[in-house]
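A short worksheet on the structure shown next.
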Amino acid sequence: MRLLEQPPRPVLALTRLRRQDPRAGDPRGRGPQGRPRPVRELLLIAVLFGLYKLGRVLAAGRVPEAFGNAHRIWDLERALEMPSETGLQHALLHSEALVHVANCYYAYVHFPAMAVFLLWTYLRRPAHYRWIRRTVVALTAAGLALHLLVPLAPPRMLAGTGMIDTAAVFGPAVYGSPEADTMANQYAAMPSLHIGWAAVIALGLIAGARTRWRWLWLLHPATTAVVVATANHYWLDGAVALALLVLLAATVPLLRPPSRGPDRNVPGPVRPEGP
């Protein structure tokens with residue numbers, strides 16, 4: 001007997017997600033096969049982008065705090081004897097071509113990969129889509145909250161670490177001067193949404209795919225090595241993102257198809273009439 005065929009018992013949301021019937025309809029008007037309406041989904045994305053922009057404004061003027069937190073994170077990692085970000089970057093710098101690939105991956109994969117993943121899930125795995133969307137929204141909201149509570153300068157800005165900004169040196173560069181950047185909050189290293197989103201994509205494709213090779217998607221969160229080696233994040237940024245995802249994946253409620261009552265158009269069993 002396979003694990004997913006065992007009798008019902010308390011399980012994580014990912015396992016329950018795989019058990020949902022993708023053919024179940026939704027009488028509450030959420031579109032075919034339970035899909036939310038596309039206009040509502042586009043509005044949700046617009047609201048999230050607006051909140052992200054608001055976070056960029058609210059984070060302005062906290063640069064000294066961001067650098068103070070960066071020094072504390074760096075010292076904490078050394079106290080915990082965590083692997084050296086500097087050592088990983090120096091290994092990457094042995095190949096200029098590999099550095100360029102890592103920079104391109106950081107610059108061009110993050111947002112497009114999530115967009116393609118959500119579109120594929122919406123169209124091909126509608127029974128999974130709403131749970132995945134809720135998880136992405138919850139993870140992103142938690143990340144933005146931490147960005148505001150704990151502003152953190154990335155390693156590329158921290159003097160004395162021996163790390164360089166690989167994107168600025170080798171290209172392509174994503175960020176300009178932090179003072180002139182109106183699109184991104186560059187003091188939002190903790191947690192790493194690059195790593196958190198990559199893990200969501202891996203979990204979603206493992207849950208939604210039908211092939212035995214789906215477990216290879218666990219390699220996608222290897223994004224961790226890219227964001228660390230390019231000096232955009234600390235190890236702890238990824239660890240906090242994954243911890244948040246584990247918590248949310250276990251607690252974000254699934255929207256189960258509503259149970260159908262008896263069909264009033266189908267006659268019930270005929271009872272014998274009394275005397």
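Only the coordinates and a few stated rules stand behind these numbers; no lab work does. In this text, all values refer to a predicted model and were calculated from it rather than measured experimentally. Please note: Cβ atoms are built from the backbone with ideal geometry, for glycine as well, and neighbour counts cover all protein chains shown.
The simple spin-label model puts a point 7 Å past each Cα toward its Cβ; for residue 93 and residue 168 those points are separated by 1.4 nm. If one puts a single equal scatterer on every Cα of segment 188-251 and applies the Debye formula without solvent, what log₁₀ I(q)/I(0) results at q = 0.16 Å⁻¹? Taking Cα atoms of segment 188-251 as identical point scatterers yields -0.51. Each peptide in 101-111, 39-49 receives the mean, over its residues, of other Cβ atoms within 10 Å, and ordering these scores from highest gives 101-111, 39-49. Protection proxy ranking, highest mean first, for peptides 239-245, 116-122, 190-196: 190-196, 239-245, 116-122, where packing is the per-residue count of other beta-carbon atoms within 10 Å, averaged.
The modelled label-to-label distance between residue 65 and residue 101, using points 7 Å beyond Cα along the C-beta direction, is 4.1 nm.
In this structure, residue 81 and residue 246 have a Cβ-Cβ separation that, at R0 = 22 Å, corresponds to a calculated FRET efficiency of about 0.40. Overall, the ratio between the Cα radius of gyration of segment 72-193 and 2.2 N^0.38 Å, rounded to two decimals, is 1.25.
Here the peptides 129-139, 63-73, 226-236 are ranked by packing, the mean other Cβ count within 10 Å, and the order with the highest first is 226-236, 129-139, 63-73. Tally Lys/Arg at +1 and Asp/Glu at -1 over every other residue whose Cβ is under 14 Å from the Cβ of residue 166; what's the total? With Lys, Arg at +1 and Asp, Glu at -1, the net is -2.
Which net charge results when you count Lys and Arg as +1 and Asp and Glu as -1 among the other residues whose beta-carbon is under 11 Å from that of residue 149? Here the charged neighbours net out to 0.
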